[in-house]
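One structure below.
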Amino acid sequence: MSQHNKDNLSPGSLERRRLLTAGALGTAAVALGVGATAMAETGANTEQNIGVAVDGNYETVPLRKNTVRVTAVQSYMRAIRNLKSPEREMKANVDHMIELIDSANGFYGPQDLVCFHE
């Protein structure tokens, strides 16, 4: 990132980045089977420092699945031109995304996580 762009970051954009990062990490945790219940049971606390075991061994819990299938979708979206009544154009975009999700799940088999652009 250029120095010019760094200087123009507003506090709101930094908070949005943190929120998006937290959302992505939360989604990955859910896909891997590490939900809030599992975190509470293991005593996970994001505000605590994590110690390092001297022997390098830690208590583990089995994952729900051994693998997580993730697909990234790159697609176009039609611009909403009719701002007074955008429902039809928005529905066309959602229908297009649903078709892409169906395609992603049929191409290599069911996916655990389908990621779209912003």
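A simple spin-label model places pseudo-atoms 7 Å from Cα toward Cβ; at residue 92 and residue 68 they are separated by 3.6 nm. In region 69-118, a dipole from Cβ-located charges (positive for Lys and Arg, negative for Asp and Glu) runs towards its positive end, and of 114, 86, 70 it is 86 whose Cα lies farthest in that direction.
All of the numbers you see were taken from the coordinates with simple rules; none came from a lab. Computed from a predicted model, the values in this text were never measured in an experiment. For neighbour counting, all protein chains shown are included, and Cβ atoms are generated from backbone atoms with ideal geometry for every residue, glycine included.
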